[in-house]
Amino acid sequence: MNDLRIKGIKRQEEVKIKVNGQEVIAYESETVLSVLIANGFKVFRKSAVENEYRGGFCGMGVCYDCLVTINGVPQLRSCMYYVKEGMEIETDEEKV
Amino acid sequence: MKKKYNVVIIGGGFSGLVAADILSNRGLSILFVDENNYLGGQLLRKIPERLGKYLKYKPDSIKKYGYNLAKKVFDSDIEIALNSRVIGIYKDKELLVEVEEKKVFNVKAEVILFATGARERFLPFKGWTLPGVYSTGMAQIMMKSSGVLPGRNVLISGSGMFLFAVGYELIKNGAKLHGIYENSGFVDKVKLISQFIPQFSKFAEGGRYLFKIYSSLVPIRYRRRVIEARGDKGVEEVVVAKLNKEGYPISGSEKVYKVDSLLTGFGFVANIELPQLAGCETEFDKKKGGWIIKVKDNLETSISDIYAAGEITGIAGSLKSINEGKIAANSILKRFKLIENNDYENNLKKLINERKKHLKFGEYFNTLYSIGKGDILSIDDNTVICRCEDVKLKDIKESVKNGYTTPGGLKISVRAGMGNCQARTCGPVIYDIINVLTNKGYKDIGTFSVRPPIKPICMNSLKNFED
């Protein structure tokens, strides 16, 4: 996978999380949004009316486009949450 | 959380921080609320120490001052509610504060200071909803706070100095930047300078970015913008067009670039929703960035004991925010009789003079990078305008033709601005669209209405309501 993390950086502590059931390595201080994009998950969900693919957009909690399910709680803004050990994230690519 | 506070400060960006610092440790009970998990707002993003060291991150003197301030406020007697949002404001300054999307508190304030800052402004184009099309702000935040690139092959299209700051960061961190396309003309820039008093420190910062970008041979082109992004599950290519003086794309000038990420942003708009909900008067001034909160010289709003500071009184950047944080704090000190009249008068006189200069600086940029009539009229009819409800321009045009010429009318007729973001993203564009289609002035058009909860909240939080 094409990791988009900037090279040559010493990161914070490593944490293991799951994205759609798949184990993913992340680092403390990374937002859920950053981890998803760094690992090639670009599509987070489909839009409400036209069923178009959507991902992150504003990155600061304004646009509500980057909604994902975190530890079973749906429709959370991935840009506003930081990863934690054992976190389970679900994107919603197929469901409407 | 207590039931009553002398002062509630909403927004932990620069102006809120400066005010909090001045008001702290004087016996006032103060609640300081911010939606993020750190203090500092958009400019003073939390940079993990280890990351900062390896990114060779050197904050400039203003940011250094800000980081120190955040630390100082954190160690003061002020009660800080992070991951928290004010979702409602009622009569007699009663507030609903939601904490960590889990619990809601009812709090009464004697004095409120709004320092809710700004968000990015956008000019929609075909395909701007595709995954991989990101705001310039999002890219900057990802690189600076998480150390993650938005993509490998990136292109920037939009307007304003911020494009160059982001471009600089991308190049430094090893992305291939395929160009920066600035919507406004270079000549306009030179013409306007004489009208306003420039602030040289800011221009020096811009020069540093420009030097890095020029020396890495990344093209910078003026009067051009992306008119379409294409791809299946994400952006694969973008179309850049030259623009005529009115902002219309010149046909035949289109060029296609293969990219995996496109960054866009057209300056900033003020977050006026909360003060609006409190009943504060607003005004429209294009030179100040559009709709803003009306304030007196001492930054009191139209409602007594409610103050506003920072970007919400006019978009002009960090120096104005710092200045206004000081003005607001002095006014609040006077309100609680914690400052001698003479000192207050002296402080305010100096600060108000300073503020005028900052406003002038803001006016220069807001005028230079404003979105024009041609920019709006050349948006393709099939472009989604309201991202939450997938409302296209043609739907809005049809509705306006049928007499729905207010934001509220468009909400009823086509659900524009009705979704999760509550018109924060599409609102400013919709005001422009109504303006160019009907020639109605912005004051007549008005804004989208606001009501609590000001942002979507989890039902779970309401279950845990503490009255």
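The values are calculated or read from the model by the stated rules, or taken from the named source; none is laboratory data. This structure is a prediction, so every number in the text was calculated from the model and none was measured. Positions of Cβ are backbone-derived with ideal geometry, glycine not excepted, and every protein chain shown enters the neighbour counts. Quick note on the areas: whole protein, heavy atoms, side chains included, nothing else; ligands and nucleic acids left out. Shrake-Rupley method; radii C 1.70, N 1.55, O 1.52, S 1.80 Å.
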TODO: Out of B:298, B:323, report the one residue that is touching a helix residue (DSSP H, G or I) at 6+ places or on another chain (Cβ under 7 Å) and open to solvent by 10 Å² or more (accessible area, probe 1.4 Å).
DONE: B:298
TODO: Give me the pairs, please: first residue somewhere in region B:116-135 and more than 9 Å from every other protein chain (Cβ to nearest Cβ), second residue anywhere and assigned to a strand (DSSP E or B) and among the small types (Gly, Ala, Ser), beta-carbon distance under 6 Å, and either six or more positions apart or on two chains.
DONE: B:118/B:270; B:127/B:229
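Tell me which residues, restricted to region A:8-26, are facing another protein chain (nearest Cβ under 10 Å), small (Gly, Ala, Ser) and loosely packed, with under 12 Cβ neighbours inside 10 Å.
Result: A:8, single match.
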TODO: Looking only at region B:146-170, count how many residues are facing chain A (nearest Cβ under 8 Å) and either open to solvent by less than 10 Å² (accessible area, probe 1.4 Å) or aliphatic (A, V, I, L, M) (or both).
DONE: 6
- [ ] Determine, yes or no, whether residue A:34 is at pLDDT 95 or above, more than 7 Å from chain B (Cβ to nearest Cβ) and buried (at least 21 other Cβ atoms within 10 Å of the Cβ).
- [x] no
TODO: Scan region B:126-144 for residues that are open to solvent by 10 Å² or more (accessible area, probe 1.4 Å) and part of a helix (DSSP H, G or I) and report the count.
DONE: 3
Open item on the list: Go through (1) over 22 Å from residue B:276 (Cα atoms); (2) acidic (Asp, Glu); (3) modelled with pLDDT of 95 or more for residue B:34 and report which single condition fails.
Closed with: (1)
Task: Residue that is surrounded by the fewest Cβ atoms within 10 Å (Cβ to Cβ) [pool: residues in region B:114-125 that are outside any loop (DSSP other than H, G, I, E, B) and not small (Gly, Ala, Ser)] - done: B:119
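Those residues that are within 7 Å of chain B (Cβ to nearest Cβ), open to solvent by 10 Å² or more (accessible area, probe 1.4 Å) and under 18 Å from residue B:141 (Cα atoms), I need them from region A:38-57; list them, please.
Of everything in region A:38-57, just one residue is within 7 Å of chain B (Cβ to nearest Cβ), open to solvent by 10 Å² or more (accessible area, probe 1.4 Å) and under 18 Å from residue B:141 (Cα atoms), namely A:42.
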Open item on the list: Just to be sure I understand the filter: pairs with C-beta atoms under 8 Å, separated by 6 or more residues or on different chains, first member in region B:451-463 and touching a residue at least 12 places away in the same chain (Cβ under 8 Å), second member small (Gly, Ala, Ser). Which pairs pass?
Closed with: B:452/B:88; B:453/B:88; B:454/B:88
Open item on the list: Can you confirm whether residue A:29 is facing chain B (nearest Cβ under 7 Å), surrounded by 18 or more Cβ atoms within 10 Å (Cβ to Cβ), modelled with pLDDT under 95 and closer than 30 Å to residue B:271 by Cβ?
Closed with: yes
- [ ] Report, by residue number, each residue of region B:270-290 that is surrounded by 24 or more Cβ atoms within 10 Å (Cβ to Cβ) and assigned to a strand (DSSP E or B).
- [x] B:270, B:290
Open item on the list: Can you tell me which of (1) more than 26 Å from residue B:268 (Cα to Cα); (2) in contact (Cβ under 8 Å) with a residue 24 or more places away in the chain; (3) more than 7 Å from chain B (Cβ to nearest Cβ) is the one residue A:5 doesn't meet?
Closed with: (3)
Task: Only one of B:290, B:265, B:231, B:279 that is more than 20 Å from residue B:316 (Cβ to Cβ) and under 26 Å from the mean Cα position of the chain (by Cα) - done: B:279
Open item on the list: Please go through (1) assigned to a helix (DSSP H, G or I); (2) within 30 Å of residue B:414 (Cβ to Cβ); (3) open to solvent by 10 Å² or more (accessible area, probe 1.4 Å) for residue B:334 and return the number of the only condition it doesn't satisfy.
Closed with: (2)
TODO: Could you tell me whether region A:64-78 includes any residue that is surrounded by fewer than 21 Cβ atoms within 10 Å (Cβ to Cβ), touching a Lys or Arg at 6+ places or on another chain (Cβ under 6 Å), more than 21 Å from residue B:235 (Cα to Cα) and not aliphatic (A, V, I, L, M)?
DONE: no
TODO: For region A:57-74, state whether one or more residues are at pLDDT below 95 and not in a loop (DSSP other than H, G, I, E, B).
DONE: yes
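Each row is one residue, and each column tells you yes or no for (1) at pLDDT 95 or above; (2) over 28 Å from residue A:73 (Cβ atoms); (3) surrounded by fewer than 18 Cβ atoms within 10 Å (Cβ to Cβ); (4) touching a Pro at 6+ places or on another chain (Cβ under 7 Å).
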residue: B:18; (1), (2), (3), (4): yes, yes, no, no
residue: B:23; (1), (2), (3), (4): yes, yes, no, no
residue: B:66; (1), (2), (3), (4): no, yes, no, no
residue: B:84; (1), (2), (3), (4): yes, no, no, no
residue: B:87; (1), (2), (3), (4): yes, no, no, yes
Task: Number of positions in region B:339-363 that are under 25 Å from the mean Cα position of the chain (by Cα), of a type outside the set (D, E, K, R) and either open to solvent by 60 Å² or more (accessible area, probe 1.4 Å) or within 17 Å of residue B:315 (Cβ to Cβ) (or both) - done: 5
